[in-house]
Amino acid sequence: MRESGFPEEWLSLRNPQEWHDWLAQKHDQKDQIWLKIKKAHVKGEGVLLAEAVEEALCFGWIDGKMYSLDKESFIIRMTPRRPGSVWSLVNRKRAEALMAAGRMTEAGLAAIQAAKTNGKWQAAYSSKEVPELPEELEQAFKDDPLARACFEGWPTGEKAHYLFWIAHAKRPDTRKKRIAETLERAQAKKKPSP
């Protein structure tokens with residue numbers, strides 16, 4: 001049985017060029033598409049995740065939620081990048097390489113320009129480095145060492161995701177809610193949410 005939210009349809013392509021061609025025709029007409037991705041060990045036709053992300057970046061799109069299909073593939077939601085969306089350091093470097101190679105389209109360049117204008121380009125984060133704990137979360141963990149131990153046991157990328165999410169809250173009450181949610185998940189010894 002498939003989990004809730006699993007899409008009914010997805011795009012299944014033979015190679016990255018077909019994904020490029022689809023984006024060239026429809027990147028400005030669709031608000032999302034689910035794309036079938038072959039796992040790295042699979043030979044033959046299909047699109048690898050890195051290939052899919054590179055083509056998406058060229059058109060100002062980005063990858064998102066994914067679901068496993070079988071031993072050889074998964075599906076991933078691809079959407080146009082929102083102007084205020086966060087950039088990972090990996091995708092910023094990919095985009096820079098794509099620009100240098102002359103592969104970036106006007107839509108892709110517009111997404112980059114928007115990120116440079118709003119500071120998201122310069123604030124790109126690395127999932128391999130964990131940012132410092134916000135003072136409020138640090139204090140909460142001092143009061144609850146078991147929650148801190150659970151949080152510290154999360155994968156580096158997940159910790160970075162939560163801390164980045166907290167740090168980029170626009171309003172103080174949103175920041176408090178995000179800190180409370182992070183602490184609650186750690187206190188309940190839950191894995192990070194998807």
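Values computed for the structure shown
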read-out: Relative pair counts by distance (%), Cα atoms of the stretch 16-118, 10 Å bins; value: 15, 49, 30, 5, 0
read-out: The chain, helix-only ellipticity at 222 nm - DSSP H runs n ≥ 4, -39,500 (n - 2.57), divided by all residues, nearest 500; value: -14500 deg cm²/dmol
read-out: Nearest-ten-degree value, helix 89-100 long axis tilted from longest Cα axis of the chain; value: 30 degrees
read-out: Which of Ser68, Ser73 has the fewest Cβ neighbours within 10 Å, and the rest in rising order; value: Ser68, Ser73
read-out: Fewest-first ranking of Cys150, Cys58, using other Cβ atoms within 10 Å as the exposure measure; value: Cys150, Cys58
read-out: Calculated P(r) tail over 25 Å for the chain, as whole % of Cα pairs; value: 46 percent
read-out: Burial ordering of Phe141, Phe6, Phe164, Phe151, fewest other beta-carbon atoms within 10 Å first; value: Phe6, Phe164, Phe141, Phe151
read-out: Under-5 Å amide H pairs with Ile62, H placed in peptide plane, nonlocal only; value: Thr79, Arg81
read-out: Reachable lysines from Lys120, criterion Cα separation under 20 angstrom, eight or more residues apart if same chain; value: Lys93, Lys128, Lys159, Lys170
read-out: Percentage relative contact order, the stretch 59-136, counting C-alpha pairs under 8 Å, at least six apart; value: 34 percent
read-out: Highest-fluctuation residue, Asp173, Asp21, Asp63 considered, GNM on the chain with Cα pairs under 10 Å; value: Asp173
read-out: Percent RCO, i.e. relative contact order, over the chain, from Cα pairs under 8 Å lying at least 6 residues apart; value: 15 percent
read-out: For the stretch 135-187, convex hull volume per residue from C-alpha positions, Å³; value: 62 Å³
read-out: Helix axis angle, 49-58 relative to the chain longest principal axis, alpha carbon, degrees; value: 80 degrees
read-out: Cα-based helix-to-principal-axis angle, 156-167 vs the chain, degrees rounded to 10; value: 80 degrees
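The numbers here are math on the coordinates, done by the rules we state, and not lab data. Source: prediction; values computed, not measured. Here the Cβ is made from the backbone with ideal geometry for all residues, glycine too, and neighbour counts use every protein chain on show.
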